[in-house]
Number of protein chains: 2
Amino acid sequence: MEYDRPLFYHVMEYAAAAERDTVDMVSGNPDWGPPDALREGLIEYASGDPSQFQYPPSAGLSQLRQEIADRRAVETERVIVTNGAGEANHLSMASGLEHHSGDEVLLADPVYPYYAGRTRLLGATPTFVPADRTGQLDPDRVREAASEETALIVVNSPNNPTGAVYDRDTMTSLVAIAEANDALVVSDEVYDHFDYTGTFESALSIDSEHRIVTNSFSKSLGITGLRVGYAILPERLVESIRTRHMLTNVAGSRPAQHAVYRALRDTDRSYYERNRERLRDRIETFTEALDAIGAEYTRPDGGFYVLARFDGVPGTLENTKQLIDEAGVAGMPGEAFGQARSDWFRFALVTQRVDDAATRLEAFISG
Amino acid sequence: MEYDRPLFYHVMEYAAAAERDTVDMVSGNPDWGPPDALREGLIEYASGDPSQFQYPPSAGLSQLRQEIADRRAVETERVIVTNGAGEANHLSMASGLEHHSGDEVLLADPVYPYYAGRTRLLGATPTFVPADRTGQLDPDRVREAASEETALIVVNSPNNPTGAVYDRDTMTSLVAIAEANDALVVSDEVYDHFDYTGTFESALSIDSEHRIVTNSFSKSLGITGLRVGYAILPERLVESIRTRHMLTNVAGSRPAQHAVYRALRDTDRSYYERNRERLRDRIETFTEALDAIGAEYTRPDGGFYVLARFDGVPGTLENTKQLIDEAGVAGMPGEAFGQARSDWFRFALVTQRVDDAATRLEAFISG
């Protein structure tokens, strides 16, 4: 069996080893830092009595699980706290494949590469449904691709890498397609706090036993390294996924869960608004430079990423390295995200140096 | 597919809901607390810059991984830091089943229940090899049970629940049996700091591509809730297990890894010695009471647990509840650990109230 080991690590290592100064736009690590309450939560945790250092409940620390249930307006029993959205997606896909007869997984192309790697790890077969030019996934194309062989439809909105935000009609259709084919929608919504259009619709709002919503605090609280995520489960899969979680990880890490609980409780809306505003500004700056270059690009409706295409410089791994060495800008090659955008680059706008990157790209491409 | 959901949670919930005061001897949560350096590590982490809150390397925070490699005298590449020994065992078993032709897993009986549940989760078949009366696993019986169908031999030393410590001869034989049958030994050594005999031998000291050593800091640093463990991998499985880890969890939780690194660096031997001494005393106290009752028991050579059998009160789940309700002592029913000791109880000596428990058991059994 061969897995996809994501290219991220390879590109990050190359960029880190580069001799010249490089603006890092490779991976989606927020640069703005967590809210103060998160740091305070860790410090508070550190002085707990010995029992506080022992196993949290397998499904997650009670207050955190309750807080998530309240915010999402679901029963606490439907929430499982996981080691990031990574584990939430892993568990959802594994249990979905177990509980449905087919072994096909429908994925959008471009695709977040972990979905494809995980599909193969789990012994299933990916089928790619091309997104349109704006990055939207047309439900009619998904409907055509779906069959009794389909066990899972794994989607991501706001989307990485395209920046597309799926609206209520799209989500409703996707869940209906899953129901019609006895399949499961896994809706990964980790960028839900970064919707610039107001049209984002969580799959949670579509009442169905055929959808799982996964999420994490990695992006919304700027803490990809704490590994706190969650899934909201249909009743029929609660027992299976809880057992699988227990036999995979036993439980998640308690200091991280405690800190996230404190951050949720004590962080007001301005933190989230400020980060959205910051990203809007960066998107503006970066796309203006792309306009100046005459590059093709997709302006994101949500999330952190801009896909761009430069004439004569297709987004191969080789050209990604050239961009690092000669322009001092590190992006990701489009080929990491499937076939559809293999000649594009993805740039993550999670650096204060978006300005620099824009200037450097202009000089490199026009020069 | 049906999994074993460990009974621990059920018994813990029952004990917590009990009306009377109960001495909790259910699960292996150390009561003595982590070393100061661990708490300091968390506080130090909390004031890091935003980049410190982002993904650690998937295989583990560099300093921690290096520290483990140094302590175990292996190349850093062979170490993977995991979400506790739970994930380390999960990854090892999954990759072992993938890379060997059989689908049989040899387990000792009594068995740590997660091994059996995980075997079934992974679609494999457990075969139980009875331990002897002292809890030792006779390599001759393992050799008889092994065949080309065998993919894995999963062992635990010092053992939970028997307290047996496997010596060099046993470990050497187990690895040789794995080699002869193209199988893999997964040696879970989480209680390695609690060897009271001096005869413990890590499978690491037997040079072979047919063994994985798993471990964690849950017990040695008193932090079951931080979820920091590791595996030391044979070269042939490094790539497979690292990829599987990445596609399951992406990475482990960084504050926990940082705190463990600080604790390893700055905690001296006296911390570990004190905890061993404490447990020796508790074993003495508890087994004296069992002698007074006339109960049969195994005196542990390592670890935290005492298995005991009372005439007329077999270790069923029902009697476990009776012990909670009428004696105020919560143990685990032997049936949770397989067939071999289904009429025994397991008591975890991780409470300052071992004295109380002993007195209560004497009064209940003799009364």
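We did not get these values from a lab; they are worked out from the coordinates using the rules stated. Bear in mind the structure is a predicted one, so any value in this text is a computation, not a measurement. Reconstructed Cβ throughout: ideal geometry from the backbone, glycine too, with neighbour counts over all protein chains shown.
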Problem set entry | 11 Å beta-carbon shell around residue B:130, net charge (K/R +1, D/E -1) | 0
Exercise. Along the Cα-to-C-beta direction of residue A:62, a point sits 7 Å from the Cα; which residues of segment A:238-253 have their amide N less than 19 Å from that point?
Worked result: A:251-253
Problem set entry | segment B:186-220 versus segment B:27-89: alpha-carbon centroid distance in Å | 18
Exercise. On full extension of the chain, what length is gained from residue B:134 through residue B:281, given 0.36 nm per residue of separation minus the C-alpha to C-alpha distance?
Worked result: 50.9 nm
Exercise. Once the piece of chain linking residue A:17 and residue A:176 is laid out straight, how much longer is it, given 0.36 nm per residue of separation minus the C-alpha distance between them?
Worked result: 52.4 nm
Exercise. What does the charge dipole of chain A about its Cα centre add up to, to the nearest 20 debye, if the Cβ of each Lys and Arg holds +1 and the Cβ of each Asp and Glu holds -1?
Worked result: 820
For this session: Compute the relative contact order of chain B as a whole-number percentage, counting only Cα pairs closer than 8 Å that sit 6 or more residues apart in sequence.
Result: 25
Problem set entry | Charge-dipole axis of chain B as Lys and Arg at +1 and Asp and Glu at -1 on Cβ define it, positive-most pick from B:176, B:347, B:94 | B:94
Problem set entry | For the protein assembly as shown, diffusion coefficient by Stokes-Einstein and Kirkwood Rh (Cα), 20 °C, 1.002 mPa s, µm²/s | 80
Exercise. Which order, highest average first, do A:78-85, A:313-320, A:215-222 follow once you tally other Cβ atoms within 10 Å for each residue and take the mean per peptide?
Worked result: A:78-85, A:215-222, A:313-320
Exercise. How many angstrom separate the Cα center of segment A:261-316 from the Cα center of segment A:326-347?
Worked result: 15
For this session: Quote the charge dipole size of the protein assembly as shown about the Cα centre in Debye, to the nearest 20; the model charges only the Cβ of Lys and Arg (+1) and of Asp and Glu (-1).
Result: 1000
Seminar exercise, completed: Percent relative contact order for segment B:1-109, counting Cα pairs under 8 Å at least six residues apart, stands at 12
Problem set entry | For segment B:313-328, Karplus couplings with θ = phi - 60° (6.51, -1.76, 1.60), whole Hz, Gly/Pro x | 10, x, x, 7, 5, 4, 5, 4, 5, 4, 4, 5, 6, 9, 9, x
Exercise. Where a ≥ b ≥ c are the square roots of the eigenvalues of the C-alpha gyration tensor, would you call chain B rounded, which needs a/c under 1.5, or, failing that, prolate if a/b is larger than b/c, or oblate?
Worked result: oblate
Exercise. Across the residues of B:112-125, average count of Cβ atoms on other protein chains within 10 Å?
Worked result: 2
